[in-house]
Amino acid sequence: MTLRGESSVTKWVGATRSSSVPAVLAGFGPDDTPGIGTYYDYFDRLADGPYRRPCDHVTRESDSVRQRHVRSLPAEKEAKKKAAEDDLSPHQTKSEKLAEELLADAENPRPDNFRRILEDLLFFAGIIPSVEEGLLTHLENFAVSGDGSVLETAASPNGKPICSCRSGGIYNCECPRLYTSPTAVWCYDAAHNRYVFGDRYYHLVVTENGHDFPLLIVMPGGNESDYTLSLTAFDRLLKAAQENGADINVSYFMGDGHHDSYAHYNYFAEKDVIPVIPLSGNSKNAYSDPARNGDVRLSEDGTPICPGGMPMRRQGFDKNKNVNIFSCPVKRGTHRDGKYVYVTHEEECPLKKDCAPDSPAGPFVRIKPDDDPRLFPPLPRNTPKFKELANQRSASERCNFFYDACGVEGSSRSPVRSLIRLTFAGIAQHALNRHAERAKGLSDAEYFARTVAKLRAKAAAAPGFAKLCAKAATAHLN
């Protein structure tokens with residue numbers, strides 16, 4: 001159903017009952033396909049999580065999905081704004097608070113709910129099989145990229161009025177209304193340059209052997225920022241890997257400018273992960289250099305700017321003093337008469353002069369990474385390694401495109417079922433990657449012959465499976 005890009009359960013059931021091919025490919029007998037209600041029962045079982053005795057004081061997720069919710073979108077927006085104004089610790093950002101909470105809670109397992117079930121399902125049906133088939137090999141040195149996106153809901157953004165304003169001729173009131181989605185709001189979809197009514201999700205992806213592998217997807221509902229979603233997702237990934245016995249070590253994290261916060265650098269430093277994050281557009285801060293008795297401006301990649309306005313040249317790293325050394329950009333080393341000397345190219349300098357005539361390569365700027373891990377990360381932004389890793393962020397966009405092809409967009413009213421569909425799409429992407437690797441170097445005929453051989457071997461080991469295949473073939477021919 002997911003691989004066919006079918007978002008409608010009703011249409012999928014019709015397809016499996018009208019043709020034996022999709023039924024058998026999905027693992028059903030031609031005359032024994034589940035009905036519409038069976039699929040929704042399965043979704044409900046996943047949404048409700050581990051079995052718990054019914055309680056009048058607790059609403060199950062499956063019941064919440066079917067309910068209509070009284071909401072006032074303008075009031076929710078104002079309440080969110082007021083909560084930020086009434087914050088008792090305005091000096092600390094939300095991401096900094098969350099990072100502290102996650103680090104303090106590092107030893108505790110994930111809550112035993114449907115989100116944990118879906119994350120474990122992606123591990124058991126997606127990640128672990130990809131590891132076993134040799135597609136994911138660098139488990140001890142993962143370079144993980146993360147990004148958030150908006151998923152449009154199938155719920156109406158207008159809601160159903162429950163007030164009497166319409167009888168008085170007021171059709172655009174801000175009174176509470178009934179909505180089928182409990183969390184959807186208007187969000188800006190940067191990928192398509194539009195506003196959609198939906199929820200934001202966040203996913204972590206790793207790229208290996210030319211394939212993109214989803215590792216974890218979170219979708220709490222609403223329009224939560226990537227600043228906090230990314231920390232939550234990464235923390236859950238580390239715990240999910242540990243709890244599922246996957247020996248995964250993340251060495252690098254790649255994110256866009258929406259991850260550029262001190263909370264991320266402090267959190268990743270505690271987890272021994274190197275962040276590969278560009279400075280955000282409004283974060284070109286000045287760095288105070290005591291040796292120069294003033295501030296040094298920074299470029300977009302965090303490189304100091306010389307007095308003439310040019311990015312300075314990275315001279316090297318002094319391990320003894322733990323400092324990155326930057327020098328004049330127009331003074332470059334060369335060999336002359338068998339000696340290594342520095343030559344000043346004043347014609348390239350905007351000031352047309354030597355700012356430090358007494359120094360062969362100066363003026364210098366010396367920066368300690370410990371002074372500001374955000375402005376001067378462990379992996380400098382102007383290095384080839386940083387740029388190479390930063391280019392892998394496109395894996396998240398490719399996964400988003402695959403989710404769209406799977407018919408996830410607008411398939412559900414509730415963020416719970418949307419997360420279920422996203423998880424299925426992630427598992428399907430792992431399966432397609434494994435299929436692509438098996439088919440490498442084989443023609444269609446060779447791959448078909450190999451598949452038939454595997455089916456025969458399976459049929460020999462399981463007589464019931466042989467009867468199923470024979471019955472499907474007969475039904476298809478008829």
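The values are calculated or read from the model by the stated rules, or taken from the named source; none is laboratory data. These numbers come from a predicted model, not from an experiment. Neighbour counts are summed over all protein chains in view; Cβ atoms, including those assigned to glycine, are modelled from backbone coordinates with ideal geometry.
A Cβ distance below 7 Å, combined with a sequence gap of six or more or placement on separate chains, defines the contacts here; from the stretch 34-53, residues that are more than 13 Å from residue 12 (Cβ to Cβ) reach residues that are hydroxyl-bearing (Ser, Thr, Tyr) in the pairs 44/62; 47/62; 48/62. Of all the residues that make up the stretch 22-45, how many are surrounded by 15 or more Cβ atoms within 10 Å (Cβ to Cβ) and either modelled with pLDDT under 90 or in contact with a Gly (Cβ under 9 Å, 6 or more places away or on another chain) (or both)? Residues that pass the stated criteria total 7.
Mind checking whether some residue in the stretch 114-131 is at pLDDT below 95, assigned by TED's automatic domain parsing to the domain that holds residue 201, over 30 Å from residue 426 (Cα atoms) and assigned to a helix (DSSP H, G or I)? No: zero hits.
Looking at 105, 87, which one is under 24 Å from residue 258 (Cβ atoms) and either in contact with a strand residue (DSSP E or B) (Cβ under 6 Å, 6 or more places away or on another chain) or at pLDDT below 90 (or both)? Checking each option against the conditions leaves just 87. Residue 281: surrounded by 15 or more Cβ atoms within 10 Å (Cβ to Cβ) and either at pLDDT 85 or above or over 17 Å from residue 378 (Cα atoms) (or both), yes or no? No: the conditions fail for residue 281.
Taking residue 363, is it touching a helix residue (DSSP H, G or I) at 6+ places or on another chain (Cβ under 8 Å), outside the structural domain of residue 260 (by TED's automatic domain parsing), closer than 26 Å to residue 268 by Cα and not hydrophobic (A, V, I, L, M, F, W, C)? When the stated conditions are applied, residue 363 does not pass them. Residue 183 meets the conditions (1) within 27 Å of residue 271 (Cβ to Cβ); (2) in contact (Cβ under 8 Å) with a residue 60 or more places away in the chain; (3) crowded, with 22+ Cβ neighbours inside 10 Å in every case but one. The failed one is (1). Within the stretch 292-340, if we keep just the residues that are of a type in the set (Phe, Trp, Tyr) and within 18 Å of residue 384 (Cβ to Cβ), the residue that is modelled with the lowest pLDDT turns out to be 317.
Only residues that are outside any helix (DSSP H, G or I) and farther than 18 Å from residue 6 by Cβ: list them for the stretch 380-426, please. Those that are outside any helix (DSSP H, G or I) and farther than 18 Å from residue 6 by Cβ: 380, 381, 382, 383, 414.
Inspection of the stretch 155-177 identifies no residue that is in the same structural domain as residue 78 (by TED's automatic domain parsing), buried (at least 21 other Cβ atoms within 10 Å of the Cβ) and not small (Gly, Ala, Ser).
Can you find a residue in the stretch 209-227 that is hydrophobic (A, V, I, L, M, F, W, C) and not in a strand (DSSP E or B)? Can you show your working first?
Step one: of the stretch 209-227, the residues hydrophobic (A, V, I, L, M, F, W, C) are 213, 215-219.
Still in the running and not in a strand (DSSP E or B): 219.
Within the stretch 209-227 (the criterion being hydrophobic (A, V, I, L, M, F, W, C) and not in a strand (DSSP E or B)), the answer is yes, since at least one residue qualifies.
Can you confirm whether the stretch 139-151 contains a residue that is aliphatic (A, V, I, L, M), farther than 27 Å from residue 67 by Cβ, in a helix (DSSP H, G or I) and modelled with pLDDT of 95 or more?
Step one: of the stretch 139-151, the residues aliphatic (A, V, I, L, M) are 139, 143-144, 150-151.
Applying the additional criterion that residues be farther than 27 Å from residue 67 by Cβ yields 139, 143-144.
Adding the requirement that they be in a helix (DSSP H, G or I) leaves 139.
In the following step, the residues that additionally are modelled with pLDDT of 95 or more were identified as none.
Scanning the stretch 139-151, I find no residue that is aliphatic (A, V, I, L, M), farther than 27 Å from residue 67 by Cβ, in a helix (DSSP H, G or I) and modelled with pLDDT of 95 or more, so the answer is no.
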